[in-house]
Amino acid sequence: MELIVALGIGVLAGCGVWLVLRPRTFQVVIGLSLFSYAVNLLIFIMGWVRGGRAPIVGTSAPVDVASFTDPLPQALVLTAIVISFATTALLLVVLLAARGLTGTDHVDGREPEE
Amino acid sequence: MLLVLLLGLPFAGSIAAAFFPTNARNAEAWLAAGVAVGGLAIAGSFYPQMAYGQVLRFELEWLPAFGLSFALRMDGFAWMFASLVTGIGFLVVIYARYYMSPADPVPRFFSFFLAFMGSMLGVVLSGNLIQLVFFWELTSLFSFLLIGYWHQSAAARDGARMALVITSAGGLCLFAGALVLGRIVGSYELDALLASGERIRGHALYLPALILVLLGAFTKSAQFPFHFWLPHAMAAPTPVSAYLHSAAMVKLGVFLIARLWPVMSGTDAWMWTVGIVGLCSLLLGAYAAIFQHDLKGLLAYSTISHLGLITVLLGLNSALAAVAAVFHILNHATFKASLFMAAGVIDHESGTRDIRRLNGLYRFMPITATLAMVAAAAMAGVPLLNGFLSKEMFFAESLTVEGPVETLNRALRFIAVLWGMFSVAYSLRFIHGVFFGQPAAGLPRTPKEPPRWMRFPIELLVLACLVVGILPAITIGPILDVGVRALLGAEAPAYSLAVWHGFTGPLVMSLIALAGGAALYVLLQGFLRRGVEKIPLFPPVDGRRIFDRVLVALSWRWARGLDALLGTRRLQPQLRWAIAAALLAGLWPIWQRGLQWGPLPSSEIHPALALAWAVGAVCALGAAWQAKFHRLVALILAGGAGLVVCLTFVWFSAPDLALTQLLVEIVTAVLLLLGLRWLPKRVPFVWTAAGARAALPRRVRDLAIAAASGAGLAAIAYAVMTRPLPDNTISRYFMEHAYPEGGGTNVVNVILVDFRGFDTLGEIAVLGVVGLAVFALLRRFRPAPESTEPPPQQKEQSAASAAEDLLVPAIIMRLMFPAMALLAVYLLLRGHNLPGGGFVAGLTLATGVILQYMAGGTRWAESRLAIRPVRWIGVGLLLAAATGLGSWLFAHPFLTSHTAHLHLPLLGELHLPSAFFFDLGVFSLVVGATGLVLIALAHQSIRD
């Protein structure tokens, strides 16, 4: 199972990086989106994910820590997801504004000369 | 404690002065004068302790781990300086009240002036080297602001910049020197430093420390070869010049040299550097001063020369010479301040400072002229004035100097006499050129006596020159004694302050200098009358031109060159380098130590998730393939990949993440769909062999980077997942304390709103900022011309079809809204104990709102549902911050949470943690920010 997830992360990251290096703005937006999936997953699996229960503890002490998945990476990733939405939005708007200003959707604001 | 008050008073005054109205000249002057007098009074009250040779200290721990504390230390020498700084400061304030024109914004002037005074006091009172350097740099900064006070004039700006660059560069050297000294001594405390003279002089690092510290002192005191900033700083208002160049700024350099005299002097290196630099400045300044046509320029070069004198005296390695230096510091401050003020009066009343144009002013302003003459005579070293006394001491020292080179020792007496002649000549020029001769015609203003109180500071200072000059032993004697004993300690020599020592060598030298100076002035009359801007026999080296060239080379040419060499404005190479660098940074440790899989066996592959990931991978690859030509397809495929990520979160027991991911997927998809409309049409792809060949290397390279990045992350992920988690992670703490201390069972949520609440506060602030930034950017958004046309679908749509097109889904969407709002509230309320929380709830509500926009169109939605996203953002941020601040009321740290147990009549037992209100803030902000972004983008379609 671990292999599958690891490969998935690799594919997402690879596609993301490839797109980020492309010349058109929309490709970069999609690329960042894919790349953030990969990174979020990577952070997430840094905690203990094997077959634990969701980190919702009972009210009666004590807590058997080993039986839960790790809550800390989850908390980190949760905000990361929201923030990556925010950056995607900002990037999109900047790109739209740049396109309005320069008339092209090339990342450098002008078409390559070749 | 009074020490702190002495230091704090000017800074407090500075802040207060900044808030006065622009034309409040009188109020400002009262305030500043009050501060200066207050400082002087505090300093005066220390006199008894100082006379007994006590050292006052005040210490406040700042960084005890580094041995740094905020330390004030006042001994007699510092006391003498503090009195000088506040005393002359007081006089300058009175003068400035009348000098500044009503059109000048005086709050700025007095604010900077007081801050500068405070920085000066900070330097002289610092009990710690690092702190001294800090205040030293502050004086550079405030002198920059003061010199550039009339920033509308280019000369003021250039002069200020030059002063700042030179003195702060010197300040950096001083900082380095202070660090070296601290290393030698093992402490940055001044007391420790002053107690370890032997150690410093014998240390291998003595020379570097000496050079670095002296660089700081020489730049500050405008000593050769850094002297050229001082004449350019004359673009400052005259009160500033009178203060900076007599009692304050430039005296700091010699203050530092004097301060370090007991511990660093006595070596040949000291004598060579300090003595020679002082000699150069002494001669060069005096000589150049003769040929200045600007009154203030003349005074500026004379200042360089007199500071050179003080430096030479300190460099002679003789305790008596050091006494003379301290004495001259006081004398120079009095006569030079009064001369600057007199020059300012002349400028103020006649409209020019050009000696060539000024003539015969004695008739118009006899009192000012008399005052200026006395002060200039003191500068020239005429007997019965204070300048004479310290000059005599210098002459006496020049006869007995014991330097390493015999020729130089013998030459010094001639150099001294030559300097005396130059001083007499430029002083004569100041007096004769301005006040005597035919009355000047064609001046911009008809000169007259200045207001009574504008002259008062000059009168007082000139009186001081006279009194000290006639009765030195009983007037200045005790003050000098305090300063000298504190500075030199046991080494303090016996000296006598008397006007008449008999017919001695120094007196003869004085007489020669007076006669020679007068003769020189007469000889030069012809040249000076021609009025050329040239100094004869002077090498054509202009410090200013060198400075400008260095500055241009450093800040423009080299910077441009480096930018051209290493920089690019294209995004792709930048990103490529960034990713490649990250890749290498990741590979480095793997290459060093290898990468092994962990010991845990892989768990059984479940077909469902494997299938999902097969779909996910295909989606990702498809998105990467299609993002250029089929944006919509790519968007859908990327969404598919996102859903698989979401499924993975569910699979690995992360319900909160899955919920958030799902909602963010929806919102992102809507967002990108809204954006698609404004992107240009893609020109259909034409495959050409040449094009493909040209693009091939680039693509292969990018593909390699992408594949390597993916493979690397996959390998790391696999390696991590096959290892057991270390036993004692912080998560364990969070798990165990979530309920007992956070009052919630959903540990993820408790971490977000309680344990790591401060992080979350920062994150929602970012979210709010992004929302506002998007909003601001879109207000100025101008679409490209070809996108302004409505799309064909919209054009061919009649009003009726618009209403009917999505009739059924639209009605369902409308009906969904209350349900979604309720769901949002539900998710918010249960968030602390079960999956949910502010982020998810906020996204849910925002999705509900945007659905209404989609169902009915922007106008329809807004006529029924007034969402004010900016308010939601504001309320959210305020609520979250207020929850955090609330804990201060109960004397707990920021964001400490508390769980209230309420018993409500109908609902029964209720646990209400304060973190709930924080989560409510998060919720409100997320609704606002998400809504703002989507609505702002949606509005673009209906803009006019």
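Observations on the structure shown:
- Helix B:757-779 vs. chain B, principal-axis angle (Cα, 0 to 90°, nearest 10): 90
- Entries of B:336/B:391; B:220/B:391; B:628/B:681; B:336/B:534 with Cα pairs more than 19 Å apart: B:220/B:391; B:336/B:534
- Qualifying chymotrypsin sites (Phe, Trp or Tyr not before Pro) in segment B:675-714, where qualification requires a DSSP coil assignment and no more than 14 other C-beta atoms within 10 Å, comprise B:685, B:687.
- Straightening the chain between residue B:411 and residue B:537 buys 43.3 nm, computed as 0.36 nm per residue apart minus the Cα-Cα spacing.
- What the Cβ-Cβ distance of residue B:593 and residue B:66 gives, at R0 = 30 Å and to the nearest 0.05, is a FRET efficiency of 0.30.
- Whole-angstrom gap from segment A:51-97 to segment B:3-44, using each part's C-alpha centre: 55
- Separation in nanometres of the label points that stand 7 Å from Cα toward Cβ, at residue B:574 and residue B:786: 2.7
- In Å, descending, principal axis extents of the Cα set of segment B:265-541: 58, 43, 32
- Each label point was placed 7 Å from the Cα along the Cα-to-Cβ direction; for residue B:49 and residue B:492 their separation is 1.7 nm.
- Cα-based shape type of segment B:693-825, given that a ≥ b ≥ c are square roots of the gyration tensor eigenvalues and the cut on a/c is 1.5: oblate
- Among the trypsin sites (Lys or Arg not before Pro) found in segment B:486-547, those both in a DSSP coil and sparsely packed, with 14 or fewer other Cβ atoms within 10 Å of their Cβ, are B:534.
- Shape of the protein assembly as shown, Cα gyration tensor, a/c cut at 1.5: prolate
- Estimated at 0.36 nm per residue, the fully extended path between residue B:870 and residue B:603 surpasses their Cα-Cα distance by 91.2 nm.
- A run of chain B free of exposed loop cleavage sites, with GluC sites (Glu not before Pro) counted only in DSSP states other than H, G, I, E and B and at most 16 other beta carbons within 10 Å, reaches its longest extent at B:1-401.
- Estimated FRET transfer efficiency (residue B:821, residue B:795; beta-carbon r; R0 51 Å; 0.05): 0.90
- Separation of alpha-carbon centers, segment B:716-785 and segment B:574-601, rounded to whole Å: 26
- Put the Cα centre of segment B:466-520 next to the Cα centre of segment B:92-140 and the gap is 31 Å.
- The dipole here belongs to chain B: it is taken about the Cα centre, uses +1 on the Cβ of Lys and Arg and -1 on the Cβ of Asp and Glu, and is about 2860 debye.
- Fully extending the segment from residue B:26 to residue B:499, taken as 0.36 nm per residue of separation minus the present Cα-Cα distance, adds 166.1 nm.
- Using the Stokes-Einstein relation with a Kirkwood hydrodynamic radius computed over Cα pairs, the translational diffusion coefficient of segment B:241-381 at 4 °C and a viscosity of 1.567 mPa s comes to 82 µm²/s.
- Cα-based Rg and Dmax for chain B, where Dmax is the largest Cα-Cα distance (Å): 38.8, 119
- Normalised alpha carbon radius of gyration of segment B:383-539 [divisor 2.2 N^0.38 Å]: 1.31
- The calculated pair-distance distribution of segment B:23-68 uses every alpha carbon pair, bins of 10 angstrom beginning at 0, and gives 21, 25, 26, 23, 6 percent.
- Model label points for residue B:511 and residue B:693, set 7 angstrom from Cα along the Cα-to-Cβ axis, are 10.1 nm apart.
- Taking the C-alpha atoms only, the angle from helix B:689-721 to the longest principal axis of chain B is near 90 degrees.
- In degrees, nearest ten, helix B:206-220 long axis to first principal axis of chain B (Cα): 80
- Legend: calculated FRET efficiency, residue B:463 to residue B:549, from the Cβ-Cβ distance at R0 = 56 Å, rounded to 0.05, equals 0.75.
Only the coordinates and a few stated rules stand behind these numbers; no lab work does. Owing to the predicted nature of the structure, the values given are computational and were not obtained by experimental measurement. Here Cβ is always computed from backbone atoms with ideal geometry, including for glycine, and neighbour counts include all displayed protein chains.
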